[in-house]
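Heads up, the thing below is written out as structure tokens.
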Amino acid sequence: MSCWLQTKSWEEAKIAIEKSKGVAIIPVGSVEQHGLHLPVGTDTYVAMTLAEEAAGRTDAIVVPPVWFGWSPHHMVLPGTVTIRPEVLIELTYDIIKSLSEHGLKKIILINGHRIVNVVWMQICAQRAQTDLGVTIKIFDPAYMSKDIVGSLGFGPVGHAEEVETSHMMARYPDLVHLEKAVDNPIKDTPLYSVDPCYTHDTLCYVPSTLEHARHAAKVSGGCTGEPTKSDAEKGRIYHEHLVKNLVSVIQSLQ
């Protein structure tokens, strides 16, 4: 039977909630340009596939995804939709509140939109835990794969680079057009990196300026990193690592 809440009648939902022991997963992503080779829904697809597979190995319920994220720096290219963080906080809070009233009080937010979404998700999670008495976990693939990305030979986190592209090749091969990929290697910047694996001193992340985004659009169709190095088998290993960790998080809540 499907793990997705939207596929169930209310009677089936009641049974599934009891079986889940109160654990629900909310995939959160974005709709934004992902270079010439990936779909604009990449970040949400990533969150959805992780949620679906981990739920299939447990009894967690998967809630319809929050498709949109905060993406002002990607508005330089068509297909991007950006939502104000305060709106995303309110929307996600209301989803959590609705779930909690029906017994789903242990919530995992899967963030497919890298660190851009993290701040508003943290604010939402803190408020929900304080006001609703629920437990919230934020599962972010970039933070949850630090033990494996080095051994896979992936370069630093960028945008539509070999990490995201390899993952999409493994899970949604029909949506990837690697022949269109254009590299835009990430250059070292003194005291700054967006990569959670970066071990040296760094300033905190601030979304790219429109000038920087326009440059990436011109050079590589919006990509930063080296997607031509992507590999589906590496993406499969990366995916399995994330799912294993997500299953562990779910089981710790059940």
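The values are calculated or read from the model by the stated rules, or taken from the named source; none is laboratory data. Nothing here was measured: the structure is a model prediction, and the numbers come from that model. So basically every Cβ, Gly included, is an ideal-geometry build from the backbone, and we count neighbours across all protein chains shown.
Restrict the check to the range 202-213 and report whether at least one residue is charged (D, E, K, R) and surrounded by 13 or more Cβ atoms within 10 Å (Cβ to Cβ). Checked the range 202-213: no residue is charged (D, E, K, R) and surrounded by 13 or more Cβ atoms within 10 Å (Cβ to Cβ). Looking at the range 89-101, can you tell me whether even one residue there is under 16 Å from the mean Cα position of the chain (by Cα), within 30 Å of Thr228 (Cα to Cα) and not in a loop (DSSP other than H, G, I, E, B)? The answer is no; no qualifying residue exists. Residues of the range 25-47 that are touching a strand residue (DSSP E or B) at 6+ places or on another chain (Cβ under 7 Å), small (Gly, Ala, Ser) and assigned to a loop (DSSP other than H, G, I, E, B): Gly29, Ser30, Gly41. Screening Gly235 with (1) in a helix (DSSP H, G or I); (2) surrounded by fewer than 22 Cβ atoms within 10 Å (Cβ to Cβ); (3) modelled with pLDDT of 95 or more gives one miss only, at (2).
Would you mind stating whether Pro64 is within 26 Å of Glu86 (Cα to Cα), assigned to a loop (DSSP other than H, G, I, E, B) and not charged (D, E, K, R)? It is true that Pro64 is within 26 Å of Glu86 (Cα to Cα), assigned to a loop (DSSP other than H, G, I, E, B) and not charged (D, E, K, R).
Among the residues here, Val219 does not qualify as under 23 Å from Arg171 (Cα atoms) and assigned to a helix (DSSP H, G or I). Do we have Asp59 as surrounded by fewer than 18 Cβ atoms within 10 Å (Cβ to Cβ) and among the charged types (D, E, K, R) here? Judged against the criteria, Asp59 is a match.
Filtered by the rule that a residue be touching a helix residue (DSSP H, G or I) at 6+ places or on another chain (Cβ under 8 Å) and either modelled with pLDDT under 95 or under 22 Å from Thr42 (Cβ atoms) (or both), the range 91-115 gives Thr92, Ile108, Leu109, Ile110, Asn111, Gly112, His113, Arg114.
Residue-wise test of (1) touching a Ser or Thr at 6+ places or on another chain (Cβ under 8 Å); (2) farther than 15 Å from Tyr172 by Cβ; (3) not polar (S, T, N, Q).
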{"position": "Lys19", "(1), (2), (3)": "no, yes, yes"}
{"position": "Ala24", "(1), (2), (3)": "no, yes, yes"}
{"position": "Pro27", "(1), (2), (3)": "yes, no, yes"}
{"position": "Glu32", "(1), (2), (3)": "yes, yes, yes"}
{"position": "Leu38", "(1), (2), (3)": "yes, no, yes"}
{"position": "Val46", "(1), (2), (3)": "no, no, yes"}
{"position": "Thr49", "(1), (2), (3)": "no, no, no"}
{"position": "Glu53", "(1), (2), (3)": "no, no, yes"}
{"position": "Asp59", "(1), (2), (3)": "yes, yes, yes"}
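Across the range 68-108, the number of residues qualifying as over 12 Å from Gln33 (Cα atoms), surrounded by fewer than 18 Cβ atoms within 10 Å (Cβ to Cβ) and in contact (Cβ under 8 Å) with a residue 40 or more places away in the chain comes to 2.
One residue stands out among those in the range 179-195 that are touching a residue at least 24 places away in the same chain (Cβ under 8 Å) and either more than 22 Å from His239 (Cα to Cα) or surrounded by fewer than 17 Cβ atoms within 10 Å (Cβ to Cβ) (or both): the one that is nearest to the chain's Cα centre (by Cα), which is Ser193.
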